[in-house]
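One structure is given here, and the rest of the page talks about it.
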Amino acid sequence: MTRVPADPRPSSSASEEVSWPEDAIEVGCVLDAWGVKGWFKVQAYSSDAQALFSSRRWFLKRPEIGGQAAPALPQGSKALPALLKILSIREHGEGLVANAQNVADRNAAEALRGARIFISRSAFPAADPDEYYWVDLIGLTVLNRQGETLGQVEGLIDAGPHSVLRIIPPGLVAPVKPDQERLVPFVARFVDDVDLEQRVITVDWGLDF
């Protein structure tokens with residue numbers, strides 16, 4: 001079972017006031033204010049939001065528009081804080097709500113709307129045996145039992161009961177067409193071994209599958 005966003009995006013951005021972690025991973029975003037006391041709604045990018053619960057330091061970036069960072073805020077607008085120190089987070093309905101230091105009222109919470117939330121990878125809770133975070137699988141080389149290279153993991157697809165590895169074959173560079181990818185279900189039937197230290201996944205999968 002994997003437990004982080006389907007499309008995790010590492011970032012090495014820095015702030016003049018906040019030391020941005022080199023292993024920062026985007027894990028969610030702020031949806032809107034909730035109530036009048038500074039609480040806000042949070043969307044996690046994973047069905048398992050333990051990464052958000054595990055850290056009290058959330059690093060923020062402005063939302064993207066068309067894949068690009070949103071334009072600068074109008075003059076007089078309150079700047080988005082680079083860091084939120086979370087006081088409390090809990091499940092609410094099908095989502096999450098949280099409050100943070102220095103976010104004291106609804107106006108302050110509304111100013112966070114759309115903010116992208118990043119957390120240091122080192123703050124993630126330890127995965128259970130035979131569980132892996134998606135971010136740790138992306139970029140690994142995939143070999144089959146015959147020692148043939150199927151390619152590198154470009155991403156994963158959440159297929160409900162299990163995930164599917166998206167593999168780019170050797171000689172191709174992302175982005176590729178969907179019919180150029182190799183798709184291997186990330187289940188014990190096909191995955192023999194995951195060696196994070198050697199950055200290799202061994203699978204029972206032929207080159208012609």
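So, of the residues in region 78-102 that are farther than 14 Å from residue 58 by Cβ and of a type in the set (D, E, K, R), which turns out to be surrounded by the fewest Cβ atoms within 10 Å (Cβ to Cβ)?
So the first thing to find is which residues in region 78-102 are farther than 14 Å from residue 58 by Cβ, and the list is 78-79, 90-95.
Narrowing further to those that are of a type in the set (D, E, K, R): 78, 90-91, 94.
Values: 78: 11, 90: 10, 91: 10, 94: 5.
It comes out as 94.
Any residue in region 103-119 that is surrounded by fewer than 19 Cβ atoms within 10 Å (Cβ to Cβ) and touching an Asp or Glu at 6+ places or on another chain (Cβ under 6 Å)?
yes
What do you reckon, is residue 159 among the hydrophobic types (A, V, I, L, M, F, W, C), closer than 30 Å to residue 40 by Cβ and surrounded by 11 or more Cβ atoms within 10 Å (Cβ to Cβ)? If you could, list the steps in order and put the result at the bottom.
Values: among the hydrophobic types (A, V, I, L, M, F, W, C): yes; closer than 30 Å to residue 40 by Cβ: no; surrounded by 11 or more Cβ atoms within 10 Å (Cβ to Cβ): yes.
No; evaluated as a whole, the condition is false for this residue.
Can you tell me which residue is surrounded by the most Cβ atoms within 10 Å (Cβ to Cβ) among those in region 25-51 that are aliphatic (A, V, I, L, M) and free of Cβ contacts under 8 Å to residues at least 60 places away in the same chain? Don't jump to the end; show me each part of the working.
Step one: of region 25-51, the residues aliphatic (A, V, I, L, M) are 25, 27, 30-31, 33, 36, 42, 44, 49, 51.
Filter once more, keeping what is free of Cβ contacts under 8 Å to residues at least 60 places away in the same chain: 44, 49.
Details: 44: 19, 49: 21.
It comes out as 49.
Please enumerate the residues belonging to region 23-62 that are modelled with pLDDT of 90 or more and either over 20 Å from residue 99 (Cα atoms) or part of a loop (DSSP other than H, G, I, E, B) (or both).
Passing the criteria: 23, 24, 25, 35, 36, 37, 38, 55, 56, 62.
Hey, does region 113-121 have a residue that's over 22 Å from the mean Cα position of the chain (by Cα) and of a type in the set (S, T, N, Q)? Don't jump to the end; show me each part of the working.
Our first condition is that a residue be over 22 Å from the mean Cα position of the chain (by Cα); within region 113-121, this holds for none.
Within region 113-121, none of the residues are over 22 Å from the mean Cα position of the chain (by Cα) and of a type in the set (S, T, N, Q).
If the requirement is being part of a helix (DSSP H, G or I) and under 30 Å from residue 53 (Cα atoms), which of these qualifies: 136, 130?
On the way: 130 fails: part of a helix (DSSP H, G or I).
The unique qualifying residue is 136.
Quick one: residue 149 ticks every box in (1) under 24 Å from the mean Cα position of the chain (by Cα); (2) surrounded by 12 or more Cβ atoms within 10 Å (Cβ to Cβ) bar one, so which box is it?
Evaluating residue 149 over (1) under 24 Å from the mean Cα position of the chain (by Cα); (2) surrounded by 12 or more Cβ atoms within 10 Å (Cβ to Cβ) leaves (1) as the failure.
The values are calculated or read from the model by the stated rules, or taken from the named source; none is laboratory data. Note that the structure is a prediction, hence the values are computed from the model and not measured. Every residue, glycine as well, gets a Cβ built from its backbone with ideal geometry; the counts of neighbours run over all protein chains shown.
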